[in-house]
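Report on one structure; see the data block that follows.
The values are calculated or read from the model by the stated rules, or taken from the named source; none is laboratory data. Quick caveat, the model's predicted, so the values are computed rather than measured. Neighbour counts are summed over all protein chains in view; Cβ atoms, including those assigned to glycine, are modelled from backbone coordinates with ideal geometry. Each accessible area value is taken on the protein alone, full model and side chains, heavy atoms only, with ligands, DNA and RNA left out. Shrake-Rupley method; radii C 1.70, N 1.55, O 1.52, S 1.80 Å.
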Amino acid sequence: MILSTARTPPRRAPLNQANGADLNRALRTHKSKNFGANGPSYPPSNFIVFVPYNMPVYMPIDPYTVRAPLRTPSRTTSVSRSRRVQLDATPVPLSPLEKRFAQAQTYFDNEDTPKRALTFDRLPVELQVEIFTHCLTPLPTFNINEAPLTVSQVCSPWRSLVLFTPKLWSSFQIEVQGTGLPVSVRDLHVITTMKLWLERSRNYPLSVRVVHTPVGRLPDTRSAQLLALLIPHARRWKYVEFVVPRPTMLALQDSMPDGFPALRSLTLQMKGLWHPTSPVDIRSFSIPWPQLTSLNLQLDSDQLLGLDECLDILSEASNLTHCTMNAECTFTSSGRRPEKVVLLNLERFHLRLQGGHSLGISDSPESQLVAFLDTLSFYKLHSLRLDWLVQSNEGAQNWLGVHQSFVSFLNRQSASLETLRMSYLPIGEQALIDCVVQLPLLMKLDLRFSLGDNESDPITDAFLKALTLPLCSGTMSDRVLVPLLESVYLQSHGSAFETGTLLDMIRSRWKLDNGHVTTQKLRKFHLRSMRPASDEIQGWKTNCHEAGLDFVYDTVMLR
């Protein structure tokens, strides 16, 4: 095979082995002359290719001179006995996209071009790190298929950047699984990996979550080992969440540092089926309450904080935006209590009340709760959740004496409260209506009562009718209760209301007429009760889902 740039073929020669050697020599000469520092140069557009009889005309002759299979020739001038073919190789005009692709392909084929994603490499290092940060989950696990481990395996430059970026290794979560007997390979791997991540994070603030729910009644010290590795880095704790048994915290109580200068969010939940005799003293941890913005403190049922101790913590933690606490529903000390605790920035408050031992006959758990709430002053409270897990023989009767004070408390939150959840409060039908009336900006209502109490069930026809929007045309003359309501969750026995009343309430808030111009459309309704769903309810479930209403009707059956 012979390559020439002339329009007329050279002198013919027999196609033998010598001509094959001449062809290879000509191709090497052309390659060395036309492959320079600026990339390969192509031969002229019009050239003659002599093809042996056993070689298809569309095969590329050389990857450095022919970039793609030859197009179908538009003209054949002559074919000799040696099957010599002259092809018109004039290129067909390319589209702009094809031209850009060809230029990029030529650039990347150049030996002097780095074989990397040059567009990303041109970004500043700070921007590259920010992109890698967005690959992380809020709290990564030690999974090789998750960032930052996956990012570090892409290429050598990325690996170097990831390994020397402490921010990418400063957040992780660990879940202790199983019984721990015998010690598994996974447990050893978790400890080794955790040491490595702590080393790579250097001095960057830490965000750590450790979850350990013991299985069985045998002591398990694995979570204590993990926390022992974290304590030397306690000055770097920023967002920490420990869901561990009490013995884990008890074993580390004396080894805690004197301060936590970077701490902003603290979650401490004690769980387990086995409890030591010694209590955990939260005050001994030297927690910097004033600098916290988020607090979740849930202790064991036999060492709950009293309401007065909760007030002491809240009076110091004045910068909280989210707070969750469980407490014994009583003031454990008869000493002086703060007259007012102002929480300017608190937006979400969740209080779980347990126990129920009062200081005297006149101090019922209900009165203790209202006295505690009256001490608090909120300005930005958006979400309030009250869980009543108190054993009280005369709860409904005691609530009547403090109902007006509780309604006054809700009224003070009417300018900001959007979400209300009350669970198992000893409240009646009319008292429940009075509470809802105080909250015109309410968007989410969650009311949960005992499934087995059919005598004092407050979810009645009267309550559902109060939530039903009145029929109107033009203007609304009647006062609309919670006009912005979007989501409703109800849990009750279900024997105190009729199915028709329930569906009328949902229909009035779901299919609004033009008169309710300031009323928000209901988007989610969830009911859980002991009452089986009727055929009408079953038909509604199908129609509502097709029309965009999230309608759930759960029936609980006891066997």
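Within the stretch 178-186, is even one residue at pLDDT below 95 and either on the phi > 0 side of the Ramachandran plot or under 23 Å from the mean Cα position of the chain (by Cα) (or both)?
Yes: the stretch 178-186 contains one or more residues that are at pLDDT below 95 and either on the phi > 0 side of the Ramachandran plot or under 23 Å from the mean Cα position of the chain (by Cα) (or both).
Just a yes or no: is a residue in the stretch 502-509 within 30 Å of L353 (Cβ to Cβ), among the hydrophobic types (A, V, I, L, M, F, W, C) and modelled with pLDDT of 95 or more?
Scanning the stretch 502-509, I find no residue that is within 30 Å of L353 (Cβ to Cβ), among the hydrophobic types (A, V, I, L, M, F, W, C) and modelled with pLDDT of 95 or more, so the answer is no.
One line per residue, one yes/no per condition, for (1) at pLDDT below 95; (2) basic (K, R); (3) within 33 Å of the chain's Cα centre (by Cα):
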| site | (1), (2), (3) |
| --- | --- |
| P338 | yes, no, no |
| R348 | no, yes, yes |
| L351 | no, no, yes |
| Q354 | yes, no, yes |
| L359 | yes, no, no |
| S362 | yes, no, no |
| P365 | yes, no, no |
| Q368 | yes, no, no |
| L381 | no, no, yes |
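(1) surrounded by 15 or more Cβ atoms within 10 Å (Cβ to Cβ); (2) of a type outside the set (A, V, I, L, M, F, W, C); (3) under 25 Å from the mean Cα position of the chain (by Cα): which one isn't true of E175, the others all being true?
Answer for E175: the failing condition is (1).
Being of a type in the set (S, T, Y), open to solvent by 30 Å² or more (accessible area, probe 1.4 Å) and modelled with pLDDT of 85 or more: is that true of S495 here?
When the stated conditions are applied, S495 passes them.
Output the number of residues of the stretch 371-386 satisfying the condition of being open to solvent by less than 10 Å² (accessible area, probe 1.4 Å) and under 17 Å from I427 (Cα atoms).
Looking only at that region, the number is 3.
Please indicate, with yes or no, whether at least one residue in the stretch 293-309 is touching a strand residue (DSSP E or B) at 6+ places or on another chain (Cβ under 6 Å) and either of a type in the set (D, E) or in contact (Cβ under 8 Å) with a residue 60 or more places away in the chain (or both).
yes
Test Q397 against the stated conditions and say whether it is free of Cβ contacts under 8 Å to residues at least 24 places away in the same chain and not charged (D, E, K, R).
Yes; evaluated as a whole, the condition is true for this residue.
Does at least one position in the stretch 305-322 carry a residue that is crowded, with 16+ Cβ neighbours inside 10 Å and within 24 Å of A224 (Cβ to Cβ)?
yes
Got a sec? Which of L346, L389 is of a type in the set (A, V, I, L, M) and surrounded by fewer than 20 Cβ atoms within 10 Å (Cβ to Cβ)?
The match here is L389.
When the residues of the stretch 217-271 are filtered to those that are assigned to a loop (DSSP other than H, G, I, E, B) and buried (at least 20 other Cβ atoms within 10 Å of the Cβ), which remaining residue is modelled with the lowest pLDDT?
Taking the candidates together, the pick is D220.
Which of the residues belonging to the stretch 272-313 are at pLDDT 90 or above and of a type in the set (S, T, Y)?
Of everything in the stretch 272-313, those that are at pLDDT 90 or above and of a type in the set (S, T, Y) turn out to be T293, S294.
Every residue in the stretch 138-167 that is of a type outside the set (D, E, K, R) and open to solvent by 70 Å² or more (accessible area, probe 1.4 Å), please.
The answer is P138, I144, N145, Q153, V154, S156, F164.
Go through the stretch 537-553 and report how many residues are open to solvent by 50 Å² or more (accessible area, probe 1.4 Å) and either at pLDDT 85 or above or within 16 Å of I459 (Cα to Cα) (or both).
Residues that pass the stated criteria total 1.
Name the single residue, out of those in the stretch 393-417 being of a type in the set (S, T, Y) and assigned to a helix (DSSP H, G or I), that is farthest from S456 (Cα to Cα).
Per the criteria, the residue is S408.
What's the total number of residues in the stretch 483-507 that are part of a helix (DSSP H, G or I) and either under 19 Å from Y424 (Cα atoms) or β-branched (V, I, T) (or both)?
So the count comes out to 3.
Taking the stretch 296-352 as the region of interest, how many residues are over 14 Å from M270 (Cβ atoms) and either of a type in the set (F, W, Y) or not in a strand (DSSP E or B) (or both)?
32
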